[in-house]
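For reference, the structure is listed below as structure tokens.
Just so you know, all these numbers are worked out from the coordinates, no wet-lab data involved. Treat the numbers as computed from the prediction; the structure is a model and nothing was measured. Here the Cβ positions follow ideal geometry from the backbone for every residue, glycine too, while neighbour counts run over all protein chains shown.
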Amino acid sequence: MRKDVTIVGAGLAGSLCALYLTKRGFKVTIFERRKDLRSEIITAGKSINLALSKRGLTALKKVGVDAEVMKIAIPMYKRVMHDQKGNLTEQPYGNKGQAIYSISRAQLNVLMMRLAEENGAALNFNEKCIEADLEESSVVFENTITNKRQRIQSDLVIGGDGTFSAVRKQMVEHHDHEFNYLKIDHDYKELHIAAGPKNSFLLDKNALHIWPRGDFMLIALANLDGSFTCTLFAPKNGEKSFERLNSKNEVESYFRNIFPDFYDLVPDLYKQWINNPTSGLGIVKTYPWHINDTAVLIGDAAHATVPFYGQGMNASLEDCRILDELLDKHGEDLKSCFVEYSQNRKPNGDGLQDLSIQNYVVMRDKTADPEFLLQKKIEQKFANLYPDKWVPLYSMVSFTNTPYSEAWEIGMKQEELMQSIMSIPNIKKIWESDEIMQKMLLLV
């Protein structure tokens with residue numbers, strides 16, 4: 001069954017999907033609206049460093065490219081919280097040796113495109129999808145430089161073209177698919193801590209750094225060159241929001257007062273502030289994710305989320321693995337394959353979005369709360385004693401391939417149980433006792 005496949009979008013999902021399909025012997029052609037990143041890597045502005053974890057690695061491993069990717073990854077074993085005075089508190093992500101990995105979106109995208117091309121995919125750039133007849137697997141592209149149009153006919157169209165997907169737009173407009181875009185009331189701006197002398201790291205490179213401040217936060221992830229990619233997430237409006245940060249004095253006094261240790265590391269802060277865009281955040285919900293046996297969505301086109309669990313990329317890579325497994329299962333019956341794919345992945349897209357919104361509250365607020373940190377210690381102790389009874393929610397999401405929808409449901413039950421444990425009188429002093437562990441065992 002050799003198929004001719006058109007993939008719209010050469011991002012991470014599109015490139016990985018191309019790798020999976022070329023290994024099946026399919027003829028794969030990718031069309032990307034942007035210019036070729038390989039000719040000029042974009043390192044700042046809108047990239048938000050990615051956090052690669054177990055399910056993303058599982059998808060990369062299945063197609064044999066995990067070792068290549070790990071060459072550009074930096075392990076992060078813990079969160080490091082920075083308080084308003086610059087004091088640090090550490091929280092391990094899991095057990096000793098467990099890590100998520102900081103990775104540059106641009107570097108990873110360049111690598112994935114190269115691997116896709118080396119494995120037989122044809123890549124075309126500056127080609128914008130402007131219309132499609134998805135029942136006929138026909139797509140019209142317009143070159144963004146020459147304005148020349150071409151209609152591409154194939155057996156299958158895969159929409160891997162991101163949050164504002166043109167392929168999904170055709171599904172919604174011409175096939176009445178459900179669609180909702182929920183814009184959240186926080187924006188983000190990327191900033192940069194330059195490397196120190198001889199490319200030294202000015203912060204602990206093996207940690208995700210968080211400056212939690214209640215309704216907003218700053219984060220930093222290390223890059224291979226000694227620098228850190230940082231992101232401010234803050235409300236659009238109101239006190240301490242983006243709308244209040246315009247002049248050099250407003251920006252510098254905001255960071256000097258609220259993030260003093262960060263401010264000291266960024267001498268060109270205002271220059272970065274005015275040069276880097278302020279960008280919005282939103283959630284995409286759509287259903288179904290396919291048309292007959294001729295078109296299917298992957299990645300952000302189907303389930304874009306907010307970046308607070310570091311799982312957007314991992315979910316997109318997982319889409320490719322699940323789709324590949326279903327192609328094995330259904331053989332030439334692509335229609336049944338896509339129906340099951342839509343039904344399987346939609347609840348997990350929703351689950352991830354619930355997890356991501358919840359984790360924003362955790363990161364910006366609760367990571368600075370001693371009671372929350374104690375709760376996590378109790379959970380980890382119990383999980384180590386009874387690993388078959390309890391996997392902490394963060395570990396379930398980041399260090400297993402448990403479906404997101406299941407992780408969300410289990411996590412909600414765990415939270416309810418933990419609230420009853422945390423309400424026990426004097427819990428701070430007796431949490432390590434056998435009595436508390438036994439009580440948890442009875443409640444599970």
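Key figures for this structure:
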read-out	value
Using alpha-carbon coordinates, inclination of helix 248-258 to the longest axis of the chain, degrees	50 degrees
Net dipole in debye of the range 349-433 [+1 Lys, Arg Cβ; -1 Asp, Glu Cβ; about Cα centre; nearest 20]	420 debye
Residue of Ile145, Ile322, Ile74 that the Gaussian network model of the chain assigns the largest fluctuation, springs spanning Cα pairs under 10 Å	Ile145
Degrees separating the helix 312-330 axis from the principal Cα axis of the chain, which is the longest one	50 degrees
Ranked by how many other beta carbons lie within 10 Å on average, peptides 338-345, 351-358 from highest	351-358, 338-345
Given charges at Cβ of Lys, Arg, Asp, Glu: the range 62-168 dipole, positive-most of Val110, Val63, Gln98	Gln98
Exceeding the 29 Å Cα-Cα cut-off - candidates Lys27/Lys61; Lys236/Lys377; Lys236/Lys376; Lys71/Lys96	Lys236/Lys377; Lys236/Lys376
Computed over the range 369-443: relative contact order in percent, which uses C-alpha pairs under 8 Å that are six or more apart	29 percent
Cα Rg, Dmax, the range 114-249, angstrom units	21.7, 58
Order of Phe382, Phe26 - criterion: other Cβ atoms within 10 Å of each residue's Cβ, fewest first	Phe26, Phe382
Computed over the range 182-280, Kirkwood Rh from alpha-carbon pairs, angstrom	14.0 Å
0 to 90° range, to nearest 10: angle between helix 370-385 axis and the chain longest Cα axis	70 degrees
Cα gyration tensor shape of the range 2-83, rounded if a/c is under 1.5, else prolate or oblate by comparing a/b with b/c	oblate
Helical mean residue ellipticity (222 nm; -39500 (n - 2.57) per DSSP H run of 4+; nearest 500) of the chain	-12500 deg cm²/dmol
Trypsin sites (Lys or Arg not before Pro) lying in DSSP loop within the range 101-154, provided at most 16 other Cβ fall within 10 Å	Lys148
For the range 42-144, alpha-carbon Rg and Dmax in angstrom	19.2, 61
Size descriptor, Kirkwood hydrodynamic radius, that averages inverse alpha-carbon separations across the chain, Å	23.1 Å
Dipole-positive endmost among Ile193, Gly299, Phe26 within the chain (Cβ charges, Cα centre)	Ile193
Percent of C-alpha pairs per 5 Å bin, the range 266-362, short to long	2, 13, 20, 17, 13, 11, 9, 5, 4, 3, 2, 1
Lys/Arg +1, Asp/Glu -1 at C-beta; the range 369-443 dipole; positive extreme among Ile430, Ser395, Leu441	Ile430
Lys, Arg +1 and Asp, Glu -1 on Cβ, resulting dipole of the range 238-311 about Cα centre, debye, nearest 20	120 debye
For the range 369-443, convex hull of alpha carbons as volume per residue, Å³	90 Å³
Percentage relative contact order, the chain, counting C-alpha pairs under 8 Å, at least six apart	19 percent
